[in-house]
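The values are calculated or read from the model by the stated rules, or taken from the named source; none is laboratory data. Quantities reported herein were computed from a predicted structural model and do not represent experimental measurements. FYI the Cβ positions are ideal-geometry reconstructions off the backbone, even for glycines, and counts take in every protein chain you see. Side chains included, ligands, DNA and RNA excluded: accessible areas come from the protein's heavy atoms. Shrake-Rupley method; radii C 1.70, N 1.55, O 1.52, S 1.80 Å.
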Amino acid sequence: MTGLLDGTVALVTGASSGIGEAIAIALADQGAAVAIAARRTERLAALAATIHDAGGRVTVIPADVTDRTDALGLANAVVAELGRLDTLVNNAGVMLLGPAIGAPVEEWEQMVALNLQGLLWVTHGALPHLLAAGQDSPRGVADVVNISSVAGRTVRSGSGVYNATKWGVGAFAESLRQELADKRVRVSLIEPGAVATELRDHLRPEVRAAQESRFASITPLLASDIADAATFIVTRRAEVGINEILIRPSTQV
Ligand SMILES: NC(=O)c1ccc[n+]([C@@H]2O[C@H](COP(=O)([O-])OP(=O)(O)OC[C@H]3O[C@@H](n4cnc5c(N)ncnc54)[C@H](OP(=O)(O)O)[C@@H]3O)[C@@H](O)[C@H]2O)c1
């Protein structure tokens, strides 16, 4: 397998389903060796077999990104297995919507712990390796791709804590982008609208019903559409920084 990412290594969090799975496949198609991380190891093993059978190089790293030790150590585990780290895709996330009044506080804790705190920990652990890759990479640059959301740009009633985590991701990404601008590490943000994945399966039934009715007339994006965006970002030549991609179904307002 040959491609624009030959000789590079990528880590994708939340790769056991949906957008993360599609991004792992797409980066492997471009020649990157991929480390796939999540909690459901049987799903990761199936994905690893798919990538391997297509000629790709892949390693499975079981990890709970809300666990400080797991998250901080993820990048080290990738480098121990695959020798380097050029591309970090911060994708793992949950969207537990619903009115603030009476909301289960555990849902708020889970979103903050995964979407924001976990992303910060994984990134912290990856930075030394990404800085090193920026210096010696075959491409002359390393990448952090953060999967935010339209919810990182537009606030809605019933989405406040999810909004807060994704706005947090956007703020951290922009600050990091500025800090790393002269260090050959690019930082980008992808903000998807509705994508057909398992994300809504975790909503409480009444919240899920309201969401399904709100999006009834919209044909959602495919996870592979977001993977196309991620691939576009990381395959640009080193001098090109794609800072932000907002990508929605054409019928979503
Ligand atoms: N689908 C959409 O409409 C949409 C729109 C905008 C943004 N997004 C964002 O896209 C990202 C991916 O979501 P998706 O739509 O692909 O949903 P998904 O299919 O539910 O995937 C979520 C992924 O996160 C992983 N994850 C959950 N908890 C984790 C934990 N504690 N530690 C490690 N991994 C964990 C899951 O793996 P395990 O359960 O195996 O750990 C899974 O691989 C999220 O950040 C989401 O906010 C999605």
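Being closer than 16 Å to Thr8 by Cα and in contact with a strand residue (DSSP E or B) (Cβ under 6 Å, 6 or more places away or on another chain) is true for just one of Asp136, Asp143. Which residue is that? Break it down into steps so the answer makes sense when it comes.
Numbers: Asp136 fails: in contact with a strand residue (DSSP E or B) (Cβ under 6 Å, 6 or more places away or on another chain).
None of the others qualify; the one that does is Asp143.
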* Structure fact -> So, first residue within 13 Å of Ile36 (Cβ to Cβ) and within 8 Å of the ligand (Cβ to nearest atom) in segment 60-72, second residue open to solvent by less than 60 Å² (accessible area, probe 1.4 Å) and modelled with pLDDT under 95, Cβ within less than 9 Å, six or more apart or across chains; the pairs are none
* **Lone unmet requirement of (1) over 30 Å from Ala142 (Cα atoms); (2) open to solvent by 60 Å² or more (accessible area, probe 1.4 Å); (3) part of a helix (DSSP H, G or I) for Phe232** => (1)
* Does Gly55 qualify as being at positive phi, in contact (Cβ under 8 Å) with a residue 24 or more places away in the chain and not aromatic (Phe, Trp, Tyr)? -> yes
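If we scan segment 60-76, do we find a residue that is of a type in the set (A, V, I, L, M, F, W, C), under 24 Å from Ala238 (Cα atoms) and part of a helix (DSSP H, G or I)?
Filtering segment 60-76 for residues of a type in the set (A, V, I, L, M, F, W, C) gives 60-61, 63, 65, 71-72, 74-75.
Now restrict to residues that are under 24 Å from Ala238 (Cα atoms): 75.
Then keep just the ones that are part of a helix (DSSP H, G or I); that gives 75.
Yes, segment 60-76 contains a residue that is of a type in the set (A, V, I, L, M, F, W, C), under 24 Å from Ala238 (Cα atoms) and part of a helix (DSSP H, G or I).
Test Arg156 against the stated conditions and say whether it is farther than 23 Å from Glu21 by Cα, more than 14 Å from the chain's Cα centre (by Cα) and within 16 Å of the ligand (Cβ to nearest atom). If you could, list the steps in order and put the result at the bottom.
Details: farther than 23 Å from Glu21 by Cα: yes; more than 14 Å from the chain's Cα centre (by Cα): yes; within 16 Å of the ligand (Cβ to nearest atom): yes.
So Arg156 passes the test.
How many residues does segment 1-20 hold that are over 21 Å from Gly73 (Cα atoms) and either modelled with pLDDT of 95 or more or crowded, with 19+ Cβ neighbours inside 10 Å (or both)? Working first, answer last.
We begin by selecting, within segment 1-20, every residue over 21 Å from Gly73 (Cα atoms); these are 1-7, 17-19.
Remaining after also requiring either modelled with pLDDT of 95 or more or crowded, with 19+ Cβ neighbours inside 10 Å (or both): 4-7, 17-19.
Selection size over segment 1-20: 7.
Being part of a helix (DSSP H, G or I) and surrounded by fewer than 16 Cβ atoms within 10 Å (Cβ to Cβ) is the filter here; which residues of segment 211-223 pass it? Outline the logic, then answer.
Restricting attention to segment 211-223, the residues satisfying the condition of being part of a helix (DSSP H, G or I) are 211-214, 223.
Glu212, Ser213, Arg214, listed by residue number.
For segment 116-152, enumerate the residues that are of a type outside the set (A, V, I, L, M, F, W, C), surrounded by fewer than 20 Cβ atoms within 10 Å (Cβ to Cβ) and within 11 Å of the ligand (Cβ to nearest atom). Break it down into steps so the answer makes sense when it comes.
Our first condition is that a residue be of a type outside the set (A, V, I, L, M, F, W, C); within segment 116-152, this holds for 117-118, 123-125, 128-129, 134-140, 143, 146, 148-149, 152.
Of the ones still in play, those that are also surrounded by fewer than 20 Cβ atoms within 10 Å (Cβ to Cβ) are 117, 124, 128, 135-136, 138, 140.
Selection gives Gln117 alone.
Tally up the residues in segment 31-59 that are in a strand (DSSP E or B) and small (Gly, Ala, Ser), please. It would help to see each step written out before you state the result.
Taking segment 31-59 and keeping what is in a strand (DSSP E or B), we get 33-38, 58-59.
From what is left, the residues that are small (Gly, Ala, Ser) are 33, 35, 37-38.
Final tally of qualifying residues: 4.
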* To do: Collect the residues in segment 8-33 that are away from the ligand (no atom under 14 Å from the Cβ) and of a type in the set (A, V, I, L, M), keeping them in residue-number order.
  => Val9, Ala10, Leu27, Ala28, Ala32, Ala33
* Sort through Ala63, Ala77 and tell me the only one that's open to solvent by 20 Å² or more (accessible area, probe 1.4 Å) and at pLDDT 95 or above. => Ala77
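Small (Gly, Ala, Ser) and away from the ligand (no atom under 16 Å from the Cβ) - does that describe any residue in segment 85-95?
Let us first name the residues in segment 85-95 that are small (Gly, Ala, Ser), namely 92-93.
When the remaining residues are screened for being away from the ligand (no atom under 16 Å from the Cβ), the result is none.
There is no residue in segment 85-95 that is small (Gly, Ala, Ser) and away from the ligand (no atom under 16 Å from the Cβ).
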* Return yes when Val240 is outside any helix (DSSP H, G or I) and at pLDDT below 95 and no when it is not. => no
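May I ask you to verify whether Thr165 is assigned to a loop (DSSP other than H, G, I, E, B), within 11 Å of the ligand (Cβ to nearest atom) and within 22 Å of Ala71 (Cβ to Cβ)? Walk me through it before giving the result.
On the way: assigned to a loop (DSSP other than H, G, I, E, B): no; within 11 Å of the ligand (Cβ to nearest atom): yes; within 22 Å of Ala71 (Cβ to Cβ): yes.
Spelling it out, it is not the case that Thr165 is assigned to a loop (DSSP other than H, G, I, E, B), within 11 Å of the ligand (Cβ to nearest atom) and within 22 Å of Ala71 (Cβ to Cβ).
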* Here are some conditions: (1) of a type outside the set (Asp, Glu); (2) within 12 Å of the ligand (Cβ to nearest atom); (3) out of contact with any Phe, Trp or Tyr (no Cβ under 7 Å at 6 or more places or on another chain); (4) assigned to a helix (DSSP H, G or I). Leu176 meets all but one. Which one does it not meet? -> (2)
* Got at least one residue in segment 181-199 being open to solvent by less than 20 Å² (accessible area, probe 1.4 Å), away from the ligand (no atom under 13 Å from the Cβ), part of a strand (DSSP E or B) and closer than 15 Å to Ala92 by Cα? -> no
